Amino acid sequence: MMKLNSGIHKKTSTQLLRTFLFFIIIAIGVNNSYASYSLSSSDKTSKRKKTKMAEMYFANKNYGDAAPILYDLLLGDRKNPEFNNMLGVCYFNLESEKEKSTEYLEKAIRYSKSKNNIPLDYYYNLGKSYHINYQFSKAIRTYNNLLNLVPRDDAEYIADIEHELEICRNALQLTEHPVNITVENLGNLINTEYAEHSPGVTADETTMVFTSRRNGTGSKVDKDGQFFEDIYISHQVNGVWTEPKGISILNTKDHDASISISADGQEIYVYKAGYYNNNESNGGDIYVSKLNGTNWTRPQKLHSDINSPSKESHISVSADGRTIYFSSNRPGGYGKMDIYSVKKLPNGQWGPAQNLGPNINTIYDDDAPFIHHDGKTLYFSSKGHKTMGGFDIFKSTFENGHWNKPVNIGFPINSTKEDIYFTPTPDGKRAYMASYRKGSYGRADIFRIQTPDTENTGLFVLKGKLINTKGKPVGHAKIKLSYSNKTVGLYRPNTASGKFLFIIDAGKQYNLEVRAKGYRPLSTVMNVPAEYANKENHSVITLLPLSLRLEEEEDYPEDIELIDYNISKISLEKTAFTPEIENDLEVPKLKEPLKITPTIKLPAKEKPVEQAETVTTVKEEEPVTNPIVKIPDTTKTVTKNETYYTIQILALQIPMDPEMFSYLDNVKIFQTNDGLSRYTYKKFKSFNAATQELNRLIRIGYWDSFIRTVINGQLIHPKMNFSTSTAYTIQLMSLKEVRPVSYFKNLDGVHVYRDSENIYRYTYKIFPNKTEAQLALGEVLKKSYWDAFVRKAYWGEEVLFSDFNAKKSNKYTIQIMALNHPKSLNYFKNLPIDRLNLNKGKDGLSRYTYEAFDNKKDEKTFLNIAFKKGYYDAFTRTIKWYNKN
């Protein structure tokens, strides 16, 4: 007979022969209509054909279709021991029917004709049924009786029974000392009547990927009657998981299973089974898909240190990305599935796979590793160790160079069924796992477990965002975190949103380095107080562009100030409006934009308004119309000659009273020329002070806030036709066709700018005030530039050409940058302007060079200067190259 957990036992080889014979019968004679067999009373199918159909489904482990046929057969032959045993096995393997299995397995033994010739597996199956239904004493008694019947030379069978006895004793002990938990089913948006498993959750619990056997890609049905596996993703918004969406680029017509997601949500790991002659083989490999902006990449197979000709079924990557744990049944292990690790070497390559050893791996299956965010606690599932049945979840800590003895995390987290794919949160207070429990919607469901008695992990989660001075995300960056001169982690923010996440120990001081092309490198200190343990903090880091720092402007802060998130965030009960956090992944679109209905005070003589206007948040790129709403008077709050930094917190098409921001003082409205009302918060003399306050606003919920500049009382924004600065210049002429600055041989300091109408304007020097420019104008007129005149210098004027100030004998120069849209040489404020040159190439690129030298020995000196100033892409080129190109 079929054993419940390990196939057909050698004592019942006649059953194996019968299975082969019936497959031959099916191949030559069974009509296809049996695949849609119905149990209606009008069905005239003979008992013999029903039996063949039941055996076919049973052999394919399609217990759901086999059970009703066997039940029908028993209606006419209720004392048939073989039918009773088969139906009991079917019910045992159907999650919602396990309790029914005991009745039929007991009948299989009771109705056997010869009490001295009862198949041994009948007892074994009954013992398994007692165990899974928490009747441990009966299970122990049944297994002990079975031991007396098994021949002494069948060592394998005896060992199997003794292992089942040990499991029952473990279960008795664990159920007598349950742990304090609360189990919550994630609901019918996540779970279905089909199996859901392998939940992978990001460290901030905002994104979850999982595998489901619901009707998905291609609607392909496996031989067990279930649909093929597909990968789904959901996001937690305001504490509710959104409707899952299939990730099309990861799902194929075959089985596709997600097995984990990185802590920051930037990588999904996928298991793909191997196939041979259209059948799933023993092999299987692990693939990775990366989040490129808002899109997932096509899965790429991991390197050969992880994947092998054997099966690799699960993976977990440490929070710092430097160690990978995975399970494999490759040769050389301790049993079936074993857990291995690979570490990243100092050269960036991955080292060889190492078995975690006998403290972790047993002669049974050890699978589904999850390395906690602390980097030293390993959770995994095992059918060995002190399991109470099937896979149980264990944890082990790495101390003094080795893994401690694993500990069962307890009942009722673990049960007599399969408990696997355990994903705890950084603070250890919650976890996600797949299991079948009372209240499940069908087969295995995904649950969230609250573990209030778990010790604090002492970890601190920082969710951050890199932006530039215009509030735009900076995604292509590298973040390095160090402690005591040792690298703790290397991180890359999302390329579209600039968001990043890392998890570190509280009570330590870290060095933080951020590097991004086109921005000044940031190197600062981040002190994380011990009281921030098990807390989450939001922070925004503003990167400054290269060479944009003024002498009086402060540089990056020496350290990053962290404010307790729970203390600083705005209570939802307050009337202050907090913009919703944007989710950059596959979040369902809202049917309507976010709306707020303000109270508008009307003059006494005006008629009351029947319905208040709706205030709608809009993106600045959208076309807007002027609203017909009385706008609060802001003339007293804006001084025309003021210049300062401020923080924009909101832009509305239809304005509302700034008193709506009851939790923020000093909120001002700017009515801008594009029809939007922009709300700003406070005035700051330095960019550093504005950045510190911006970080606080982000932490309390104003995720879309960013720093802007007010110059002469005007808020500078992208669509503003904002023209002049406080500096002056002398315009010599304007031309439709460009000329090189060498045309002006008798003037030193000539630049050419191209305006929005593609007119080339030639100017002479920059002067701090109008008086100095007028004095210089006299000298210019004497040199026959009769059309010259003094004007204010334009903001953002683009330099196209400049004198090269180099001797003809010089052969080399240092290229520091190449741009599609040229910038003024004043852009490079940390390099002397008289040693810079701009070269307009035939390919349309503007190439900026620094210095000129004849001796190649000087190359290192000038390159080092460029590197120290932040121009990491600088390199040497010959001057002759620029003349040709």
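Screening the range 490-550 for strands (runs of 3 or more DSSP E) wholly inside it with 1 or more residues that are among the acidic types (Asp, Glu), in contact (Cβ under 8 Å) with a residue 12 or more places away in the chain and outside the structural domain of Ile833 (by TED's automatic domain parsing) returns the ranges 499-505, 508-516, 535-543.
Which residues, counting only those in the range 335-351, are modelled with pLDDT of 90 or more and out of contact with any Asp or Glu (no Cβ under 8 Å at 6 or more places or on another chain)? Of everything in the range 335-351, those that are modelled with pLDDT of 90 or more and out of contact with any Asp or Glu (no Cβ under 8 Å at 6 or more places or on another chain) turn out to be Tyr340, Ser341, Lys343. For the range 356-377, the set of residues classified as of a type in the set (A, V, I, L, M, F, W, C) and not in a loop (DSSP other than H, G, I, E, B) consists of Ala368, Phe370, Ile371, listed by residue number.
Of Pro406, Pro412, which residue is of a type outside the set (Asp, Glu) and surrounded by 21 or more Cβ atoms within 10 Å (Cβ to Cβ)? Let's see the steps before the verdict.
Numbers: Pro412 fails: surrounded by 21 or more Cβ atoms within 10 Å (Cβ to Cβ).
Of the residues listed, the single one that is of a type outside the set (Asp, Glu) and surrounded by 21 or more Cβ atoms within 10 Å (Cβ to Cβ) is Pro406.
The condition (being out of contact with any Phe, Trp or Tyr (no Cβ under 6 Å at 6 or more places or on another chain) and farther than 20 Å from Ala203 by Cα) is satisfied by just one residue among Thr495, Thr542, Thr457: Thr542. Among residues of the range 812-863 being under 24 Å from Tyr764 (Cα atoms) and among the basic types (Lys, Arg), the one that is surrounded by the most Cβ atoms within 10 Å (Cβ to Cβ) is Arg847.
Among the candidates Phe380, Phe398, single out the residue that is outside the structural domain of Glu166 (by TED's automatic domain parsing), in a strand (DSSP E or B) and without any contact (Cβ under 8 Å) to a residue 40 or more places away in the chain.
Values: Phe380 fails: without any contact (Cβ under 8 Å) to a residue 40 or more places away in the chain.
Selected residue: Phe398, the only one of Phe380, Phe398 that is outside the structural domain of Glu166 (by TED's automatic domain parsing), in a strand (DSSP E or B) and without any contact (Cβ under 8 Å) to a residue 40 or more places away in the chain.
When restricted to residues that are over 15 Å from Tyr728 (Cα atoms) and not in a loop (DSSP other than H, G, I, E, B), the range 781-792 contains 2. In this structure, does Met388 turn out to be among the aliphatic types (A, V, I, L, M), in contact with a strand residue (DSSP E or B) (Cβ under 6 Å, 6 or more places away or on another chain) and assigned by TED's automatic domain parsing to the domain that holds Asp338? Answer is no for this residue.
Restricting attention to the range 489-541, the residues that are at pLDDT below 85 and among the charged types (D, E, K, R) total 3. Within the range 738-780, can you find the residues that are β-branched (Val, Ile, Thr), under 55 Å from the mean Cα position of the chain (by Cα), outside any loop (DSSP other than H, G, I, E, B) and at pLDDT below 85? Hits for the range 738-780 are Val741, Val750, Val752, Ile766. When Leu459 is tested against (1) touching a helix residue (DSSP H, G or I) at 6+ places or on another chain (Cβ under 8 Å); (2) among the aliphatic types (A, V, I, L, M); (3) over 30 Å from Ser212 (Cβ atoms); (4) surrounded by 21 or more Cβ atoms within 10 Å (Cβ to Cβ), only condition (1) is not met.
Residue-wise test of (1) aliphatic (A, V, I, L, M); (2) outside the structural domain of Ala319 (by TED's automatic domain parsing); (3) touching a strand residue (DSSP E or B) at 6+ places or on another chain (Cβ under 6 Å).
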site	(1), (2), (3)
His163	no, yes, no
Cys168	no, yes, no
Ala171	yes, yes, no
Leu186	yes, no, yes
Ile190	yes, no, yes
Ala195	yes, no, no
Gly200	no, no, yes
Ala203	yes, no, yes
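Could you tell me which of the residues Leu664, Leu735, Leu697 is within 30 Å of Ser539 (Cα to Cα), of a type in the set (A, V, I, L, M) and modelled with pLDDT under 80?
On the way: Leu735 fails: within 30 Å of Ser539 (Cα to Cα); Leu697 fails: modelled with pLDDT under 80.
Testing whether each residue is within 30 Å of Ser539 (Cα to Cα), of a type in the set (A, V, I, L, M) and modelled with pLDDT under 80 leaves just Leu664.
Scanning the range 228-244 for residues that are surrounded by 15 or more Cβ atoms within 10 Å (Cβ to Cβ) and either within 12 Å of Ile190 (Cβ to Cβ) or touching a strand residue (DSSP E or B) at 6+ places or on another chain (Cβ under 6 Å) (or both) yields Glu229, Asp230, Ile231, Tyr232, Ile233, Ser234, His235, Gln236, Trp241, Thr242, Pro244.
The values are calculated or read from the model by the stated rules, or taken from the named source; none is laboratory data. Note that the structure is a prediction, hence the values are computed from the model and not measured. With ideal geometry, Cβ positions are generated from the backbone for all residues, glycine too; neighbour counts draw on all protein chains shown.
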